[in-house]
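**Student:** One structure, as structure tokens, below. Some questions next.
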Amino acid sequence: MTTTLLLTIALAVVIGVSLGLLGGGGSILAVPLLVYVADLPAKEAIATSLLVVGATSAVGVLPHARANRVRWRTGLIFGFAGMTGAYAGGRFAEFIPAAFLLTGFAIMMLATAIAMIRGRRRAEGKPVPHELPVFRVILDGIVVGLVTGLVGAGGGFLVVPALALLGGLPMPVAVGTSLVVIAMKSFAGLAGYLSSVSINWGLAVAVTAAAIVGSFAGGRLAGKIPADVLRKAFGWFVVVMGVFVLAQQLPTGLRTNPLLWTGVGVAGAIAAAVTVLLARRKPARPSEPVGSSLRH
């Protein structure tokens, strides 16, 4: 095995850990890994990431299901709607230049990172529904699926907030349910891509196996790390990755200009400082473990 392949497989474990802990983050890590470490073409990397994330999510949902952290009706309806959008997005991606897809991917990374850092509003005093409104679930599913199929991103970090905001599902339930949705629409998006993209199945299987191992590790860590701390730390990591991917799409002369990176660094420092100040102004509340037990 080459050094590049070993490094790709080792980093793939992180993809699984992210999915096991947060119910998302797989594609946000997988696409840059496959493009910049495994050196795959952009569209092949996106298609492969859909396979990796789909299979890992399907396995990762098992411990959540055993702990009664999955709303099956909501997840399946959202998933089938998402499959429709994801398949359409995967087919449509054939006609979009790879640079546009990667730029869209980077923008999606930054948008979801901001959402993670800011966190979700809690609906104080509102009863938690056992299932969510069907029409809104279908509509959200189609939109999220379309984005996923197009750029191979936005799976968990769009699904989890959608489930939590739509009906006030607790974080652990939203995470477990999101894995059902991610698995379904990732495979649908992959089906759309396979009409125009070929996959290195040996590499895909190796990366998928490593990610699955990571998902079990993430499942074991669930509940031991406060959700707010983990979410914000991962959010800033995604910001860095998003800026890197976006910078790779710039012309070489601009990409290597030190003034650009100085400006990015200053902007990042200001954003981090503002986030810390805003966090201190919010009333303190206990952090909710990612894998905390639930009573229905």
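The values are calculated or read from the model by the stated rules, or taken from the named source; none is laboratory data. Keep in mind the model is a prediction, meaning the values are calculated, not measured. Cβ atoms come from the backbone with ideal geometry, glycine included; neighbour counts cover every protein chain shown. Just the protein is used for accessible areas: all its heavy atoms, side chains included, with ligands, DNA and RNA removed. Shrake-Rupley method; radii C 1.70, N 1.55, O 1.52, S 1.80 Å.
**Student:** Go over the candidates 29, 34, 22 one by one and state the one that is in contact (Cβ under 8 Å) with a residue 40 or more places away in the chain and over 27 Å from residue 100 (Cβ atoms).
**Tutor:** Step by step, each of 29, 34, 22 is checked, and only 22 is in contact (Cβ under 8 Å) with a residue 40 or more places away in the chain and over 27 Å from residue 100 (Cβ atoms).
**Student:** Checking residue 233 against (1) within 18 Å of the chain's Cα centre (by Cα); (2) open to solvent by less than 40 Å² (accessible area, probe 1.4 Å); (3) among the aliphatic types (A, V, I, L, M): exactly one of these is not met. Which one?
**Tutor:** Residue 233 satisfies all of (1) within 18 Å of the chain's Cα centre (by Cα); (2) open to solvent by less than 40 Å² (accessible area, probe 1.4 Å); (3) among the aliphatic types (A, V, I, L, M) except (2).
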